[in-house]
Amino acid sequence: MGGEMVSRADAGFANIWGLQDCAETIAEFADEEIKAEFLPRVCEGQTCSMDLTEPDAGSDLQAVQLKATYNEKDGIWYLNGVKRFITNGDAQIKLVLARSEEGTTDGRGLSYFIADNKHDDTIKVRRIENKLGIKGSPTCELVFTNTPAKLVGVRRMGLIKYVMSLMNGARLGVGAQSVGVSQAAYDQAIAYARDRRQFGKAIIEFPAVYEMVSMMKAKLDATRALLYETTRFVDVYKAYESLEATRKLTPEEKADYKEYQRLADAFTPMLKMFSSEYANQNAYDSIQVHGGSGFMKDYACERIYRDARILTIYEGTSQLQVVAAIRHVTTGSYLKQIRHYEAQPINPEFDSLRKRLMSMTTLYENSVTRVAETKNQEYLDFQARRLVEMAGHIIMSYLLILDATRDKEDLFRKSAEIYLKFAEVEVRKHATYIKTFEVESVDVYKVQ
Ligand SMILES: Cc1cc2nc3c(=O)[nH]c(=O)nc-3n(C[C@H](O)[C@H](O)[C@H](O)COP(=O)(O)OP(=O)(O)OC[C@H]3O[C@@H](n4cnc5c(N)ncnc54)[C@H](O)[C@@H]3O)c2cc1C
C-alpha cells in the first residue's frame, strides 16, 4: 500500500524509496556480520541498487559475465566488469550478481555479492541514461575494477536462489508501482472529464468518455485486488518462514507454508504483467480523455504516460512474466485457485456473474487442454500469453466479486460488473483464437 501511494505521486521517486527490496534480501540471506554492517546504514537513509543487467545479459541473466575472483592471500573477493541500466547506480550499497566459478556458462556459476561506496574509487558511474520516463530515478552504467566485495549467502546460489527471491520482491514492488500509476492516470482523467465542457455539457456525460473512464477504474480496481491478494500470499508464507526460524513447524503448518509459497510464485508474475500493462493502458486513455491538452507538458498525464512505459519492461518484461506464469497454467495452479474462489460464499445478487465465470472457466480449461494435447513446446509458448491472460481475467473478476460481497459502501459493485463484462469478451476471444488455430499456422508468423 505504501509503494502504491508513493508511486501515485511519483513513480521515479518510488524507485529510490525502496522498490526493489534490496534490504530485505540482505536481511534474508546475508550472514550476521554483513547484516550488522549494512542494515543500519539502510535505516539511516543510504540507498541500495540491484546490479544484475549487463550489455549481453538482460532477460537472460544466466549469461552474466561480470567476474568475481577470490584472492586467497587477503581473503577478499574482487569484482571486475560492467553492469548497465542500474537503477540508483549511485547507491551507497550495491548487490551484484557475478560469475564466481571460472569456466561456467550458466546460472549455476553465479554468486551474489555486496559492495559499497567505501570503494567508490573502484566503481565508476560511466554513464547516466537519458530516458523517456521516471526521470527522477537515475539509471546508470557501472564499471567495476578490482572492487572488494563480500559474498552473500552460499556460492553458486546467486541467481538460482537469491536473485529469484529479490526479483519476486521487486516484481511485487512494480505491481504496487503500476497500481499507483494507474490510480494517478484515472484521477487525472476523471477530474478533467468532469471539468471540461464541449457541446454544452461536461465531456464525462458522453458515453464514449464515461465508458473509457469507467473501464480505467475497473482495470485499476481489478489490479489492486490482484496486488493485495498476491501480497497476502507473500505475507503468509513469509510469516511461516520466520516462524520456522524459531521452532519446528507442524506438518499442517508446513503444508500451508508450501501452499502459500506456491500461490505467491503463481500470482507474482501474473500481477506484474497485468498491473503494468493496465497502467500503460490507463495512462494512454488518460491522455485521450484530455484531448490535445493531454499531449502538452502542462498536464500530469503526459508524465504519467512516459513513466508508465518502463513498467512492462524492468524487473522482467511482460513476455518473461508469461514465461514464469505458464507453468502454473499447465500444472493447474491457477485452475485450483479459480475453483477455490468459485466455492466462496458471495452475495446472492452476484450469482449470475458467478455462472458466467464458471462458463469462462470451462473455456479456459478447454483451451489449456487443446494446447497441451499438441505436446508441442513452441506452440505452447506461442499461445502462452493468451492462456495466462484467460486465467488472470477470471481470477480478477472473482476477486472483485468477493470485494463487492464484503463491501458495505458499494465501492466495488460497478467495477465487478464492468470488469467481468470485459473479461468475458477477452476470454471468449482467446478461446476462439486457440480453437480455430492450427498448430502449423505458427510458421506463418515466423519472421526471417
Ligand atoms: C529504466 C530502467 C531501469 C532498470 N533498472 C535495473 C536495475 O536496477 N537493475 C538491473 O539489474 N536491471 C535494471 N534494468 C534492466 C531491465 O531489467 C532489463 O532492461 C530488462 O530485464 C530487459 O532486458 P533487456 O533490456 O536486455 O532486453 P532483452 O532481454 O534483450 O529483451 C528484448 C525483447 O525480447 C523479449 N525476450 C527476451 N527473451 C525472451 C524470451 N525468452 N521469451 C520471450 N521474449 C523474450 C523481451 O520481452 C523484449 O521484448 C533497468 C532497465 C531500465 C530501462
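The values are calculated or read from the model by the stated rules, or taken from the named source; none is laboratory data. All values derive from a computational prediction rather than experimental measurement. Neighbour counts are summed over all protein chains in view; Cβ atoms, including those assigned to glycine, are modelled from backbone coordinates with ideal geometry.
Of the strands (runs of 3 or more DSSP E) lying entirely inside region 22-140, those carrying at least 1 residues that are in contact with a strand residue (DSSP E or B) (Cβ under 6 Å, 6 or more places away or on another chain), farther than 30 Å from residue 303 by Cα and touching a residue at least 60 places away in the same chain (Cβ under 8 Å) are 67-71, 76-87, 93-99, 110-116. Scanning region 236-254 turns up one or more residues that are buried (at least 17 other Cβ atoms within 10 Å of the Cβ), hydrophobic (A, V, I, L, M, F, W, C) and either in a helix (DSSP H, G or I) or modelled with pLDDT of 95 or more (or both).
This table checks each residue for (1) under 30 Å from residue 181 (Cα atoms); (2) buried (at least 16 other Cβ atoms within 10 Å of the Cβ).
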site: 298; (1), (2): yes, no
site: 339; (1), (2): no, no
site: 359; (1), (2): no, no
site: 363; (1), (2): no, yes
site: 371; (1), (2): no, yes
site: 374; (1), (2): no, no
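Can you find a residue in region 319-332 that is more than 22 Å from residue 15 (Cβ to Cβ), surrounded by fewer than 18 Cβ atoms within 10 Å (Cβ to Cβ) and among the small types (Gly, Ala, Ser)? Yes - at least one qualifying residue is present in region 319-332. The helices (runs of 4 or more DSSP H) falling completely within region 306-392 that include 2 or more residues that are within 12 Å of the ligand (Cβ to nearest atom) map to 318-330.
Scanning region 399-448 for residues being farther than 12 Å from residue 218 by Cβ, of a type in the set (Lys, Arg) and in the same structural domain as residue 347 (by TED's automatic domain parsing) gives a total of 5.
Test residue 185 against the criterion of being part of a helix (DSSP H, G or I), farther than 30 Å from residue 112 by Cβ, more than 27 Å from the chain's Cα centre (by Cα) and not hydroxyl-bearing (Ser, Thr, Tyr), and give yes or no.
On the way: part of a helix (DSSP H, G or I): yes; farther than 30 Å from residue 112 by Cβ: yes; more than 27 Å from the chain's Cα centre (by Cα): no; not hydroxyl-bearing (Ser, Thr, Tyr): yes.
Answer is no for this residue.
The number of residues in region 11-21 that are touching a residue at least 40 places away in the same chain (Cβ under 8 Å) and not in a loop (DSSP other than H, G, I, E, B) comes to 6.
Of all residues in region 140-179, those satisfying the criterion of being surrounded by fewer than 21 Cβ atoms within 10 Å (Cβ to Cβ) and hydroxyl-bearing (Ser, Thr, Tyr) are 145, 165.
Within region 329-376, the set of residues being of a type in the set (S, T, N, Q) and more than 29 Å from the chain's Cα centre (by Cα) comprises 347, 352, 374.
Across region 402-443, what is the number of residues that are touching a residue at least 24 places away in the same chain (Cβ under 8 Å), among the hydrophobic types (A, V, I, L, M, F, W, C) and surrounded by fewer than 24 Cβ atoms within 10 Å (Cβ to Cβ)? If you could, list the steps in order and put the result at the bottom.
Step one: of region 402-443, the residues touching a residue at least 24 places away in the same chain (Cβ under 8 Å) are 402-405, 412, 414-420, 422-424, 426-428, 430-431, 433-435, 437, 439, 442.
Restricting the remaining residues to those that are among the hydrophobic types (A, V, I, L, M, F, W, C) gives 402, 404, 412, 416, 418, 420, 422-423, 427, 431, 434, 437, 439, 442.
Those still in the list that are surrounded by fewer than 24 Cβ atoms within 10 Å (Cβ to Cβ) too: 402, 404, 412, 418, 422, 431, 434, 437, 439, 442.
Within region 402-443, residues that are touching a residue at least 24 places away in the same chain (Cβ under 8 Å), among the hydrophobic types (A, V, I, L, M, F, W, C) and surrounded by fewer than 24 Cβ atoms within 10 Å (Cβ to Cβ) number 10.
Residues 193, 202, 266: which one is small (Gly, Ala, Ser) and within 28 Å of residue 171 (Cβ to Cβ)? Talk me through it step by step, then tell me what you get.
Working: 193 fails: within 28 Å of residue 171 (Cβ to Cβ); 202 fails: within 28 Å of residue 171 (Cβ to Cβ).
Every option except 266 fails the conditions.
In summary, residue 101 fulfils each of the numbered conditions (1) acidic (Asp, Glu); (2) closer than 30 Å to residue 17 by Cβ; (3) more than 16 Å from the ligand (Cβ to nearest atom) with the single exception of condition (2). Taking region 51-97 as the range and being surrounded by fewer than 19 Cβ atoms within 10 Å (Cβ to Cβ), within 13 Å of the ligand (Cβ to nearest atom) and at pLDDT below 95 as the test, only 90 passes.
With the structure loaded, tell me whether residue 305 is within 21 Å of residue 164 (Cα to Cα), of a type in the set (Phe, Trp, Tyr) and touching a residue at least 12 places away in the same chain (Cβ under 8 Å) or whether it fails that test. Can you show your working first?
Values: within 21 Å of residue 164 (Cα to Cα): no; of a type in the set (Phe, Trp, Tyr): yes; touching a residue at least 12 places away in the same chain (Cβ under 8 Å): yes.
So residue 305 fails the test.
What are the residues in region 30-46 that are in contact with a helix residue (DSSP H, G or I) (Cβ under 7 Å, 6 or more places away or on another chain) and modelled with pLDDT of 95 or more, if any? Those that are in contact with a helix residue (DSSP H, G or I) (Cβ under 7 Å, 6 or more places away or on another chain) and modelled with pLDDT of 95 or more: 34, 35, 38, 39.
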